[in-house]
Ligand code: CP
């Protein structure tokens, strides 16, 4: 049940959600507490909540998406906002309109919030600095995907009963090109978890150790004491060179499969932001096993995005 004081007690200063890098523990708690309330509402009734009534949210996606875009749309609908999704291939960006002009025109059309996904790192921040309405980063290049990391941590929090201290999380795969990995590293470190990054050395440079994480090139070692293992796909679309001999070679050395399940702790769970390349980073029997919380992540994505949209829309 959402109390009458729910919105009155809301205090949030961020207009935009660009990165998890500078989110503090109190802000993360606030997002999770609100997502808890929204998740309960999503589970128990189909009625809409009134918090974004009369607001117009524009989804501006310049890269493909299934989960993020749909979750933002569902979140906006549940909060009573109107949603307009602009398909980049039929927008005027193909006629040469700049990203800044596109966003400022959307603002001039009286939109109240922009959700943006773009292949360029920094695109969301660039826009946020050029429009007065809130901008939520739905993934910018290899830089950040803050709501993905928030829904990942929200899912872990449910499994860890709220306590991240000393929890060991291994992120395995293409770290170099992953905005999901970067956003998770910052968020999980702030929450007190211990993060290990694993994969081929070409995709997991030692420089990541500067962020306070462990870097490991041996799969057995990387997953042995993990409480959660997050698999990442190889992001061919961001790679201009080959970083390992072949996909089958990668699967042989770093793929998580039933044969390797015995390397995991009894209670360790498996995560993936999607889309999964089945048979490469993760085999089907494990992806669909009781260890997998992959679809829980997707479900939680709606509640977490409702919280982020609601907070940013009502920033003070
Ligand atoms: N995790 C994620 O960003 O998935 P989509 O590309 O389908 O949005």
Meets criteria (in a helix (DSSP H, G or I), at pLDDT 95 or above and out of contact with any helix residue (DSSP H, G or I) (no Cβ under 8 Å at 6 or more places or on another chain)) for residue 149: no
Hits in region 156-195 - residues which are within 15 Å of the ligand (Cβ to nearest atom) and in contact with a strand residue (DSSP E or B) (Cβ under 7 Å, 6 or more places away or on another chain): 171, 173, 179, 181, 182, 183, 184
Residue count, region 66-85 (criterion: free of Cβ contacts under 8 Å to residues at least 40 places away in the same chain, within 16 Å of the ligand (Cβ to nearest atom) and either out of contact with any strand residue (DSSP E or B) (no Cβ under 8 Å at 6 or more places or on another chain) or over 15 Å from residue 135 (Cα atoms) (or both)): 1
Any chance residue 180 is assigned to a strand (DSSP E or B), more than 15 Å from residue 281 (Cα to Cα) and in contact (Cβ under 8 Å) with a residue 24 or more places away in the chain: no
Any hit, region 32-44, residues being part of a loop (DSSP other than H, G, I, E, B) and either modelled with pLDDT under 95 or touching a strand residue (DSSP E or B) at 6+ places or on another chain (Cβ under 7 Å) (or both): no
Positions within region 119-141 being touching a helix residue (DSSP H, G or I) at 6+ places or on another chain (Cβ under 7 Å) and within 16 Å of the ligand (Cβ to nearest atom), in sequence order: 123, 136, 137, 138, 139, 140, 141
Output for region 52-65, where each listed residue is away from the ligand (no atom under 16 Å from the Cβ), under 23 Å from the mean Cα position of the chain (by Cα) and not in a strand (DSSP E or B): 52
Residue match in region 33-44 (condition: within 15 Å of residue 315 (Cβ to Cβ), more than 15 Å from the ligand (Cβ to nearest atom) and either without any contact (Cβ under 8 Å) to a residue 24 or more places away in the chain or within 15 Å of the chain's Cα centre (by Cα) (or both)): no
Test: residue in region 101-108 that is touching a strand residue (DSSP E or B) at 6+ places or on another chain (Cβ under 9 Å) and under 28 Å from residue 158 (Cβ atoms): no
Looking only at region 106-118, and only at residues there that are outside any loop (DSSP other than H, G, I, E, B) and surrounded by 14 or more Cβ atoms within 10 Å (Cβ to Cβ), the one that is farthest from the ligand (Cβ to nearest atom): 107
Total residues in region 242-265, condition under 26 Å from the mean Cα position of the chain (by Cα), closer than 21 Å to residue 169 by Cβ and part of a loop (DSSP other than H, G, I, E, B): 4
Some residue of region 269-290 being free of Cβ contacts under 8 Å to residues at least 24 places away in the same chain and within 13 Å of the ligand (Cβ to nearest atom): no
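The values are calculated or read from the model by the stated rules, or taken from the named source; none is laboratory data. The structure presented is a predicted model; accordingly, all values stated were derived computationally and were not measured. Don't worry about glycine lacking a Cβ; one is built from the backbone with ideal geometry, like all the others, and counts go over all protein chains shown.
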